[in-house]
Amino acid sequence: MKQILFLTPPDTIPGFSLTGVRQQETVAERAWESLEAASRDPELGVIAIDARLLDTIDPRKVVELTRRWRGVLVTLPAPAGTVLIGEDELQRLVRRALGYHVRLES
């Protein structure tokens, strides 16, 4: 069975260490390298990345990674709701899950 990795900034370490899940801390400047390295781990099936880190990565790189990696990339909202997932991110997740574009209306 594949594992889940939570890729987060250092300020979230205490919460994740209490749950016992696999977690890796990284800083914004190294977010892309950490994400890319994690995607090469054959044990991982899901990478959940903090939205604050994802915002520091070129979206084109993220799209390319999700196309070539067979796992699922999930965005974790930042603590206290400081960052909201945009419609484009939701559409990307739905399109990947269903295999076609679904129009989302609010």
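Read-outs throughout are calculated quantities, based only on the coordinates presented, and are distinct from any laboratory measurement. On a predicted model such as this, the values are computed, not experimentally measured, just so you know. Note that each Cβ is placed from the backbone with ideal geometry, even for glycine, and that neighbours are counted across all protein chains shown.
Worth pointing out:
- The antiparallel fraction among DSSP beta bridges confined to region 3-78 stands at about 0%.
- By the beta-carbon count within 10 Å of each Cβ, the least crowded to most crowded order of 16, 6, fewest first, is 16, 6.
- A simple rule links phi to the HN-Hα coupling: the Karplus curve 6.51 cos²θ - 1.76 cosθ + 1.60 with θ = phi - 60°, which for region 55-66 gives 5, 8, 9, 4, x, 5, 5, 5, 4, 4, 4, 5 Hz, with x for Gly and Pro.
- Highest mean packing comes first when the peptides 57-64, 34-41 are listed by Cβ atoms within 10 Å, giving 34-41, 57-64.
- Across the options 53, 65, 37, the greatest Cα extent toward the positive end of the charge dipole of region 3-78 (unit charges at beta carbon of Lys, Arg, Asp, Glu) belongs to 65.
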